[in-house]
Amino acid sequence: TTGGINGTNDSPSAPGIPGSGGGAKTGGDTGGDGGGLITIQASNGTVTINGTISANGNNTFGAGSGGGGAGGGIYINCATFGGSSTGLLSAIGGNGDGFGGGGGGGRIAVIYQALARPLGVKFSAERGTGADNNPGFTTSAQKGTIYFPDANLFNARIADAGGMLKGFWGTICG
């Protein structure tokens, strides 16, 4: 799929491209770099997230009107997925400056067959923010997506958190 202005690109279920760079102002700021692409293939193994894996877009450089870079992609394919509450998968869009818009959130997809508990990993495909210095125009980007093959991860997180779903920032699909 293709996003529009400040949109989110690529496949929600199998991200395969990095985030695009933010726009630059003529004779002014450079837009932020887009987030990278991270792929972990462990189809017969276990992936455990206890730290941060990041494909974030960068903020614009300078103090003018550059746009933030789009969040990149994170694709994990494993037999068993797990991690602690210190674990974070992040594909956040960068922030714009001046009249520059924020970068769209990236794509995160985790394909698993089983889950290791307890499961406290957090996920963020949040959008970057724009400076909103231009009345009448919105400079906010779209949120990215977080994809799982089924609802088992959500159900496990709800059970582990005493009935509340926390730690997800983005559009959930699957």
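Between 125, 79, 141, 114, which is under 21 Å from residue 17 (Cβ atoms), modelled with pLDDT of 85 or more and aliphatic (A, V, I, L, M)?
Values: 79 fails: under 21 Å from residue 17 (Cβ atoms); 141 fails: modelled with pLDDT of 85 or more; 114 fails: under 21 Å from residue 17 (Cβ atoms).
Only one candidate passes the filter, namely 125.
Regarding residue 7, is this residue open to solvent by less than 60 Å² (accessible area, probe 1.4 Å) and at pLDDT below 85? Can you show your working first?
On the way: open to solvent by less than 60 Å² (accessible area, probe 1.4 Å): yes; at pLDDT below 85: yes.
It is true that residue 7 is open to solvent by less than 60 Å² (accessible area, probe 1.4 Å) and at pLDDT below 85.
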* Asked: Would you pick out the residues in the range 64-96 that are of a type in the set (A, V, I, L, M), touching a Gly at 6+ places or on another chain (Cβ under 7 Å) and without any contact (Cβ under 8 Å) to a residue 40 or more places away in the chain?
  -> 79
* Asked: Limited to the range 149-174, what total is found for residues that are open to solvent by 50 Å² or more (accessible area, probe 1.4 Å), at pLDDT below 80 and among the charged types (D, E, K, R)?
  -> 2
* Asked: Filter the range 65-122 for residues that are open to solvent by 20 Å² or more (accessible area, probe 1.4 Å) and under 12 Å from the mean Cα position of the chain (by Cα); which is farthest from residue 150 (Cα to Cα)?
  -> 92
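The values are calculated or read from the model by the stated rules, or taken from the named source; none is laboratory data. Model, not experiment: these values are computed from the prediction. No Cβ is skipped: glycine too gets one built from the backbone with ideal geometry, and neighbour counts run over all protein chains shown. We work out accessible area using only protein heavy atoms, side chains counted, and drop any ligands, DNA or RNA first. Shrake-Rupley method; radii C 1.70, N 1.55, O 1.52, S 1.80 Å.
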